Amino acid sequence: MDHASVGSLRSLRARNRLAVLRAVQRRPHSTRTDVARRTGLSTTTVSSLVADLLAGSVLVELDGRTRGPAGGRPAGMLGLNPAVGSVIGIHLGHGETRVIVAGLDGIVAAEHASRADVDHQPTTTLRQVASTARRLLDELRIPDGRVFGAGVAVSAPVLASQRLSSPPMLQDWGGIDIGARLGEVLGLPVRVGNDATLGALAEWRLGAGAGVDDLFYVMLSEGVGAGLVLGGRLHEGATGAAGELGHVTVAPEGHICRCGSRGCLETVVGARALASAVAQTQGPERALSEILALAVDGDPGARRLLADAGTTVGAALAGLCTVLDPRLVVVGGAVAAAGDVLVDALRVALDRALPPVTNHAIEVVPAQLGPATEALGAALLAAEAAGEHLTRLAGEPTTTTRSSDGRRPAGD
């Protein structure tokens, strides 16, 4: 065989290796059959490539196993080797920051959350999250050369240029280039995205929406937002504002919203609005966590409050669902920790408000990934930008020097 043919075969194998790596990165805990289905490669080819990547310590077999068809032999699940590389995920909420360190497939290695006045203290907030990220990396003993980027989830629309399109949503952040500021401190490329959109990315890849390519993620926290996955792609809109559910007017004569409008959904079902609603019976200082605990303990007032919130959100979602026809609505965020009382009311209200010609089989489920959902989505955004590293891994020969324990170092 001539050199051109050999080179062509090597190039094809490298492209197929990259396809396998990308498939596992985007859906960790995949089986070989899953990878074959998503890449379009034959199961024989996938098995050969996976064996190659396992031998090179790029992929690993995970502990969890799933039964094969008709109850046959269990099928091994695959993940990226954590040693391949890491990314940082940061969520800047209105009153809290959260920082995680995760592998390129989104498996979280460390996490830290802190209360902070994010809206009004941008410089202090950015310094705090950068310091936290560095501390977590040091505790995990991850060298700088194995960290490939950071992602930041913010409570504002984000333009394709990575600038905030509506700085007033984060009140004192106008003119601040978050990516550039953090990138300079961390020495890493930094991607920025809307928090609800990145929450949708996380739940779609790793949580309640895995395998569903048309879904809405509804984030109910200090703010209210929605992330959209349509046709297997994140939908952000022309200005990054797709899914700003919290600023849909639901009470025209209601309270003024921080966005400058009146009666937005956020002024009715956001965390501050819920705390205000129980002030007469529970006192003005009730935190959201206390209201949720009361509901879990069966307090009738707290349960009624959260059921009403679910009803209001379900009605507000109906128009969006009528137009875009999703298969699934995933309910996340701090308020969603109320559990069935809110989700059940949302489900009933949504079904009641949908017109007869619309899909009434939309499933409504609670999110699965917990408080770190948006930070995890930010980490996945950073991992997507680490494609050059995966491409290099995919093109590496399998004859690299092995370590003393018989494994080949990944990504050196």
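Taking amide H positions as modeled 1.01 Å from N, with prolines and chain starts lacking one, the residues under 5 Å from Ala242 and 5 or more places away or on another chain are Gly237. Computed with a 1.4 Å probe over protein heavy atoms only, the accessible area of Glu244 comes to about 40 Å². Computed over protein heavy atoms with a 1.4 angstrom probe, the accessible surface ordering of Glu96, Glu253, largest first, is Glu253, Glu96. For the stretch 118-133, 3J(HN,Hα) computed residue by residue from phi via the Karplus equation (6.51, -1.76, 1.60; θ = phi - 60°) reads 4, 3, 10, 10, x, 5, 4, 5, 5, 5, 5, 5, 5, 5, 5, 4 Hz, glycine and proline entered as x. Summing Lys and Arg as +1 and Asp and Glu as -1 over all other residues whose Cβ lies under 12 Å from the Cβ of Gly332 gives a net charge of -3. All Cα-Cα distances of the chain, cut into 20 Å bins from zero to the largest, leave 26, 53, 20, 2, 0 percent in each bin in turn. With the Kirkwood sum run over all distinct C-alpha pairs, the stretch 202-254 has a hydrodynamic radius of 12.2 Å.
Plainly put, the stretch 177-287 has a radius of gyration that is 1.07 times its Kirkwood radius, both from alpha-carbon atoms, as the Rg/Rh ratio. Between the stretch 360-387 and the stretch 179-251, what is the separation of their alpha carbon centroids in Å? A separation of 8 Å, based on Cα centres. For Glu96, the residues 5 or more places off, or on other chains, whose built amide H falls under 5 Å of its own are Ala116, Val118.
The values are calculated or read from the model by the stated rules, or taken from the named source; none is laboratory data. Everything numeric in this text was worked out from a predicted model, so none of it was measured. Positions of Cβ are generated from backbone atoms using ideal geometry, with glycine treated the same way; all protein chains shown enter the neighbour counts. Areas reflect the complete protein model, heavy atoms only, side chains present, ligands, DNA and RNA absent. Shrake-Rupley method; radii C 1.70, N 1.55, O 1.52, S 1.80 Å.
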